[in-house]
Amino acid sequence: MPELPEVEYVARQLRDELVGRRIVRVAVSWPRIVAEMPPDELAARVVGRMVTGIGRRGKYLLIALEGGETLIVHRRMSGNLTLAPPDAAGAYPYVRAAFELDDGRRLLYSDPRKFGRITVATDADLPRVFAALGPEPLDDEAFTAAALAARLAGTKRSIKAALLDQGIVAGLGNIYADEALFRARIHPLRPADSLNGAELAALREAIQAVLLVGIAHGGTTFGRHRDLHNEAGTNLEHLLAYRKTGQPCPRCGTPIERIVVAQRGTHYCPHCQRVDAN
Ligand SMILES: [Zn+2]
């Protein structure tokens, strides 16, 4: 499932390719991919408009258009955005929506499992759309240790479950939550409100570090994540704990263990990450 680094990497590629181009046609082949409005309405609101900028909020990709409209894409489980050259018809499976550009290229949204969603919102409506999201973890001013502490205060659920909650911090999923907890030496089952100041500071730093490493390597590809040019990310080679069950911890050599937390496979070092810490 694409998390913040996979979305951010593609956003940066889109910024290079899409800004200044105009959307001339929209073809939706799976109508339920379009959320909150019929596909015809989405098409009517984006066709003819020029792309003015590319953004991201949590795991949402934002394509800003002239006239104050923003196309919003959430890839969920298995969605990918691919830029297809003009002569690439039929070469891409599972395409659910296609945005044709004024230079003949097409931005394709493909998604075998069909859980992803695309919608359009006005600039004025964006705050409402993202009202439930927590701070951006790479925003140094919004995502401080104090801000993290405030959002974790009073919650007895595990820190792993809390980090998966997009209202606590936006953009983390299973891979980067495990990696951040490993780096910060925090057991995934620790109650979220039990972290001390040093642990919160370490966790904040670790979250930023694992996300930046992920972006630098084009994201993590286990299954379907591909970038805008259909290339796999290479961050798999740089993971320290996620899906390393039985392999030696890179810090202490103890085999990495796997447990299930919040219904998600969770990987940690039982020596470096102690549940009875603090
Ligand atoms: Zn260890």
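The values are calculated or read from the model by the stated rules, or taken from the named source; none is laboratory data. Please read these numbers as outputs of a predicted model, since none were measured by experiment. When we count neighbours, we look across all protein chains shown, and the Cβ atoms used for this are built from the backbone with ideal geometry, even at glycine.
A few remarks follow.
- The stretch 208-218: number of residues that are in contact (Cβ under 8 Å) with a residue 40 or more places away in the chain and surrounded by fewer than 16 Cβ atoms within 10 Å (Cβ to Cβ): 1
- Being not in a loop (DSSP other than H, G, I, E, B) and not assigned by TED's automatic domain parsing to the domain that holds Val10 is a description that does not apply to Ala98.
- Condition met for Ala124 (assigned by TED's automatic domain parsing to the domain that holds Ser29 and assigned to a loop (DSSP other than H, G, I, E, B)): no
- Considering the stretch 169-207, and only residues there that are in a loop (DSSP other than H, G, I, E, B) and touching a Ser or Thr at 6+ places or on another chain (Cβ under 8 Å), the residue that is surrounded by the fewest Cβ atoms within 10 Å (Cβ to Cβ) turns out to be Leu189.
- Each residue in the stretch 245-262 was checked for being more than 12 Å from the ligand (Cβ to nearest atom) and more than 19 Å from the chain's Cα centre (by Cα), and 6 pass.
- Checked against the criterion of being of a type outside the set (A, V, I, L, M), closer than 19 Å to Arg151 by Cα and either modelled with pLDDT of 95 or more or away from the ligand (no atom under 16 Å from the Cβ) (or both), the candidates Tyr176, Tyr242, Tyr268 yield just one match: Tyr176.
- Single match in Arg76, Arg15 (criterion: farther than 18 Å from Asp111 by Cβ, among the charged types (D, E, K, R), touching a strand residue (DSSP E or B) at 6+ places or on another chain (Cβ under 8 Å) and not in a strand (DSSP E or B)): Arg15
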